[in-house]
Structures are given as structure tokens and as C-alpha cells.
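Here is the structure we will look at, set down as C-alpha cells.
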Amino acid sequence: NVISSSVPAHFSSSHLHTFIMGSGNRRKKISAGKKDDKTPTQLRNARKRRKEKLAKQSARRAASSTSSSSGGGGGDDPSLQYLSNPTAAPIVQQATSFFQEQGHGFEVKVGPTSGWRTVSKLAVRSQSGVLCIGLFAPGSHELLEIPKCQAHHPRINSAIQVIQKQCRKCAIKPYDEKTGTGSLKYVAINIQRSTGNQQVSLVWNKNSSDEEEESKLQKFCEALIKVSKNNDDRLVLHSLWVHYSKLNKYANSIFDRDGQWELKNGEKMVVEYLAIDDGAPKVPLHFPPQVFRQANIDAFAKIVQEIRIHLQKKKKTQPKTCLELYGGVGTIGLHIADLCDTFVSSDENPFNKRCFEQSVAAMQSDLVKMKKNIPYESKNAVDMTYTQAFSESNIIIVDPPRKGLDAEVANALCTQDKLETLIYVSCGFAAFTRDFEVLTTKGNWKLEHAEGHVLFPGSDAIETLAFFSR
């Protein structure tokens, strides 16, 4: 039940920088980095950071007040600022204007505005000496407790109540970002929609853990498992994981790619099905906690449905050879493979391939009927541009992270001469506009259709689905 990978040796050193400051015959040694003895430059920088932090907090309170007074319903919760009218979010308006300037319409689709989030990663920090679980306020690391978050699936809210209570009972130390000390950094919760059971992952700070803290962790895990087995409906565990992170205090990542994972209780993977209603094969998607899963999987299913409709409408002048880049566990690809003559998926996360192959194995009877073989490449998108699968594809699907396409990938999409169709799913609109410029100017790609999907109702975010041809 322990998944481990090699941890590279990280060079570390400490240097004592001593400054000699004096007046007349008085000379004082000051060690840089001490709390009360700082150089003039350090003091100036500290004042500047403090001023910027206060400005951000003031702006957040003003935005929160505006949202509440206009019926936004967001209060302090940053995910609910535009809840009363999700299409009024600035990025949605920006996207609409962008496509109008290109001579295209841009329909924006919005699903349910409450209970949609089935994946949540929450910070564990101290508030006035008490362990609390919540979200960071925008532009800061100021923790906001959200015990009744409207966006969360109700089973996330109920799980947080139990986990926070048991943390306090077991005297678990919350993580301190300033010092890098403390034990519990984050709690990640995924909901299995068919049962409502919770896949819980505890992100544990391995850097400051000792025997006493490890003992507390064991008792804490046992307490959560006991609550789950005692028919407390607030917490019914699908599984309980501990992720041992060695990331230092300067890292922004929640999960440590080189960290160890330990399954304490339950099954390894949550299985989910998308609601696709056009005769598509039923695909059991497999999600352990180490892989990306859409937070609003119901709304994302609508995007997959639109991709299927587009591919079904395309006239077949030659075999459809399709490659998926940034493919994750195959959430899109496995649902369109039946429409292609050949299909290859790929992604760099080493945990994805096993999930993909388990889904394929469960679909084996359907694949035999379709005479399909669906391979998966554990490579990043840049490396995939040098493969035969890339050079021979006439359809490519990309679903990159918020930063958009790697520059090498964008350039390769412009020069691969067999490509006829490019399907781009974007979660970062600024990056999409940059990539759009490259694709349409250097690659002679023409936009056929674009539409928006609000996957996070209330937030200033938009998922863009764009179809290109040439």
C-alpha cells in the first residue's frame, strides 16, 4: 500500500553573513536573518511587503463588500464572487469580446451554481493558535474558513467538519509557512459521485516530522477510520491516504511529485463515469489522488459531448488518426476513441498511464467489437512532437494547464503538414489568446467555432473550447 519514487538529493547549505556596523568605537555584529536584527535594506523590504499585503487585504474586503451588496452572495469566499451572475465575471466578458473581434459568436454555458465542486484542496493553518482548514484569500496566504461553502459538494463540507475536529483532538500541528514547521499542510478531498464517499489525502510535512508527530498521525488516521466505520454520515471514507511531502516553505505546489504516498484505508482509485448520451462506450475513469481530476466533472462532460458532436459532423475523406496531448487519465480521449481509426493519448504524469490502462482493460469488450487498440505514452507534450504518432496525426486534441501550450508544441502544430483539425480545451484564457495568435499567424489555422463553459460558477474563470481547421 506504499507508493514511492526516488527522491533526488537536494543540495542545501547555510551561510552566516555577518555585517559590521559601527559608530565611533562601537561595533556590533549582526547576523542576517535574525528576527530582531535586520539590515536597513531588509527592514525597508519588510515594510514594503507589509504595505503590499495590507493593500491586497483591503482590496479583497472591498471586493467582498461589493459582491455582497450587489447580491453576489460571495461574502469572504473567493469562489463565489460572481455567483448571482457567473457570466458577469470579467474574464467571461473579455473572452466574449475577443471572439466577437474575430468575427465569431461565443456562447457561454453555465451549469448548476451550488454543490458542483467534487474535488477540493484545502490549506491547514493556525488561526489565533487554533488549527483551521480553509481556502487562501485571493492574492494572499490569509486563510478563510468556509464551513458551508456553496460551491462544495455537501460531502466535502461535512468531511471538513470531522477532519478539523479530529485534528484538534489529536493535537495535530498545522503547517507554518514562515518557519516551514508543523505537520499537516493540506487536506485534499475527492468525492465519488455515485456513493458520496470521500477520498481523503493528508499532505504531511516530512521535513519537520519526528517520532511524536508520526505517532499523532497514526492516531489521527485511526480516529478518522473509526468515525467512518461508526456510521457517522458526515464521513464515509472511500479511502484515506497520507502524502509525505518534502517540499520546502518556498514551494507553491500542494503535492510533491517525488513524495511518497501511503494508502491507510480503502480502495486505490475512485471510478467515475461521464454522462454522454449519444451511444458512446461507457468509460470507467480511474482517479487515485495523485492525478488531475476536473473539479466540476459534470460540467466538463458537456465539453466532451461537444467534441464528440464536432467529430461526428466532420466528413471523412481519409482515416481519422488522432493524438491527444496533455491527456491526463484520458477523460477526453477515451470518450472519442470510438470515432477515430487510430488514437494515441499522452501525458507526463507517471501515475496517469496506469489509470488509463485500467480504464482500457475495463472497456475491453467494447474495444474488441470496435477492433481498437488504444496506446498511451508517458511523455510530455514537447517530447511527443518528435514521435511518429504526432507526425502522422490529422487530428490533435490539446488540454494544457493554465499556462497554455509549450512554445515548442505551438510551433510544431504550425509546421506539421498532415494536420487538418486542432481541438483546443483551455483553462487559461490569457495563454489561449497568446497561442491563438501563434496558431493563426504562423500555422495558417482558421477558427471554426468557439464556446465557453463556466466550470467554476462564481469565480473569475472560463473554460474555452475552440475548434481549428486548415
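The values are calculated or read from the model by the stated rules, or taken from the named source; none is laboratory data. Keep in mind that what you see is a predicted model, and the values were worked out from it rather than measured. Note that we place each Cβ from the backbone using ideal geometry, even for glycine, and neighbour counts take in every protein chain shown. Note: areas computed on protein heavy atoms with side chains; ligands, DNA, RNA excluded. Shrake-Rupley method; radii C 1.70, N 1.55, O 1.52, S 1.80 Å.
Hey, can you rank 85-96, 191-202, 312-323 by average C-beta count inside 10 Å, highest first?
The peptides rank, most packed first, as 191-202, 85-96, 312-323.
Could you tell me which Cys residues in the chain have no other cysteine's Cβ under 4.7 Å from their own Cβ, answering none if every one has a partner?
Singleton cysteines: Cys132, Cys149, Cys167, Cys170, Cys221, Cys355, Cys414, Cys427.
Please determine, in degrees from 0 to 90 and to the nearest 10, the orientation of helix 429-442 with respect to the longest principal axis defined by the Cα atoms of the chain, where the helix direction is its Cα long axis.
Value to nearest ten degrees: 40.
Under a cut-off of 26 Å between alpha-carbon atoms, report the lysines in cross-link reach of Lys372, not counting same-chain residues fewer than 8 places apart.
Straight-distance partners of Lys372: Lys282, Lys302, Lys313, Lys314, Lys315, Lys316, Lys320, Lys353, Lys418.
Sorting check: for 136-144, 355-363, which peptide has the highest mean count of neighbouring beta carbons within 10 Å, and how do the rest follow?
Order by mean packing, descending: 355-363, 136-144.
Could you compute how fast segment 344-470 diffuses translationally, taking Rh as the Kirkwood radius over C-alpha pairs and applying Stokes-Einstein at 37 °C with viscosity 0.692 mPa s? Give it in µm² per second.
It diffuses with D of about 206 µm²/s by this estimate.
Could you please state how large a percent of the accessible area of segment 400-470 is carbon and sulfur, counting protein chains only and using a 1.4 Å probe?
In segment 400-470, the share of accessible area belonging to carbon and sulfur is 50 percent.
Give, in nm to one decimal, the length gained when the segment between Phe136 and Asp417 is fully stretched (0.36 nm per residue of separation minus the Cα-Cα distance).
Between Phe136 and Asp417, full extension yields an extra 96.6 nm.
Kindly give the semi-axes, whole Å and largest first, of the ellipsoid equivalent to segment 280-331, taking each as the square root of 5 times a Cα gyration tensor eigenvalue.
Semi-axis lengths for segment 280-331 are 25, 14, 10 Å.
Out of the DSSP beta bridges found with both residues in the chain, what percent are antiparallel (nearest 5)?
DSSP beta bridges in the chain are roughly 65 percent antiparallel.
Ignoring everything but the protein chains, give the 1.4 Å probe accessible area of Ile309 in square angstrom, nearest 10.
60
Taking the Kirkwood radius as the inverse of the mean 1/r across Cα pairs, report the Rg/Rh of segment 256-362.
That ratio is 1.00, to two decimals.
Given Lys121/Lys165; Lys51/Lys109; Lys219/Lys379; Lys109/Lys249, which pairs have Cα atoms separated by over 28 Å?
Flagged as over cut-off: Lys51/Lys109; Lys219/Lys379; Lys109/Lys249.
Which whole number in µm²/s is D for segment 134-291 by Stokes-Einstein, with the Kirkwood Rh taken over Cα pairs at 10 °C and 1.306 mPa s?
In µm²/s, the coefficient rounds to 95.
Run a plain Debye calculation on segment 243-293 (Cα atoms as equal point scatterers, no solvent) and give log10 I(q)/I(0) at q = 0.14, 0.19, 0.20, 0.24 Å⁻¹, rounded to two decimals, same order as the q list.
Log10 I(q)/I(0), no solvent term: -0.55, -0.77, -0.81, -0.96.
For q = 0.10 Å⁻¹, what log10 I(q)/I(0) does the chain give under the Debye formula with an equal point scatterer on each alpha carbon and no solvent?
Scattering profile of the chain, log10 relative to I(0): -0.86.
In whole Å and largest first, what semi-axes does the C-alpha gyration tensor of segment 212-262 yield when each eigenvalue is scaled by 5 and square-rooted?
Largest first, segment 212-262 gives 26, 13, 9 Å.
For segment 123-166, what number results from the quotient of the Cα radius of gyration and 2.2 N^0.38 Å?
It is 1.15.
Going by accessible area, probe 1.4 Å, with all protein chains left in place, what is the ranking of Glu463, Glu306, largest first?
Correct descending sequence by accessible area is Glu306, Glu463.
Report, as a whole number in µm² per second, the diffusion coefficient that Stokes-Einstein gives for segment 318-368 at 37 °C and 0.692 mPa s using the Kirkwood radius over alpha carbon pairs.
Using the Kirkwood radius from Cα pairs, D works out to 290 µm²/s.
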